[in-house]
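Report on the structure given below.
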Amino acid sequence: MNRLQKAICQAAAITALAVICALIFNYFRPGGLDLFHFQAPETTDKAEKDRVIPLDMAAALFADKKAMFLDARPASLYAKGHIKGALSLPWAEAEEKFMDIAEKLPEDKTIITYCDGMACDLSTDLADFLRDMGFENVRILINGWSLWEKNKLPMATGGEDNDK
């Protein structure tokens, strides 16, 4: 075995040992990372927990027509697919486009913001913006679009509410 091959084998062995040690440490560590189940991040802040709405509750409000959904993703993604009846208010354009939809936001319904992906903060940023604009009943559907689509709940494409 030449020096390069020996060095590569040693590097692989050290890397494997480091991964094994990390997995063992994570297993025994209180509050270790769950490596096989992906879910919304837990928060200990009660106010933050109250802002997040679970999918089943969002779907029930949708069915009862007691919620207005706002898609915080870019308009191009909204056009490809969105929650039926949702309005597009991309976070990147929220300040410019807010006045265009402000009159469509009912004060007697829960406003639910959503985007796509567990790490997507667009819906949280949009919810904070709406609260700053005076809307109090604003909730966040974490990973909203993926969950909605996965559960085959009512969807639409384009700028209109066409059934999917």
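When both residues are 6+ apart or on different chains and their Cβ atoms are under 7 Å apart, which pairs have a first residue that lies in region 50-65 and is among the charged types (D, E, K, R), and a second that is surrounded by 17 or more Cβ atoms within 10 Å (Cβ to Cβ)?
51/127; 51/139; 51/140
Consider residue 119 against the criteria (1) in a loop (DSSP other than H, G, I, E, B); (2) within 18 Å of residue 158 (Cα to Cα); (3) among the small types (Gly, Ala, Ser): it satisfies all of them except one. Which criterion is unmet?
Here residue 119 meets the rest and fails (2).
Only one of (1) loosely packed, with under 14 Cβ neighbours inside 10 Å; (2) within 17 Å of the chain's Cα centre (by Cα) fails for residue 91. Which number is that?
Status for residue 91: all satisfied but (1).
From the list 70, 126, 153, 147, which residue is touching a helix residue (DSSP H, G or I) at 6+ places or on another chain (Cβ under 8 Å), surrounded by 14 or more Cβ atoms within 10 Å (Cβ to Cβ), of a type outside the set (D, E, K, R) and assigned to a loop (DSSP other than H, G, I, E, B)?
It is 153.
How many residues are at positive phi and at pLDDT below 90 if we restrict to region 84-129?
Residues that pass the stated criteria total 1.
Give the residues of region 130-164 that are of a type in the set (D, E, K, R) and modelled with pLDDT under 95, sorted by residue number.
Passing the criteria: 131, 132, 136, 149, 150, 152, 160, 161, 163, 164.
Which number in (1) over 19 Å from residue 155 (Cα atoms); (2) touching a residue at least 24 places away in the same chain (Cβ under 8 Å) marks the one condition that residue 84 misses?
Among (1) over 19 Å from residue 155 (Cα atoms); (2) touching a residue at least 24 places away in the same chain (Cβ under 8 Å), residue 84 violates only (1).
The values are calculated or read from the model by the stated rules, or taken from the named source; none is laboratory data. Computed from a predicted structure; not experimentally measured. A quick note on method: Cβ atoms are made from the backbone with ideal geometry, for glycine too, and the neighbour counts reach across all protein chains shown.
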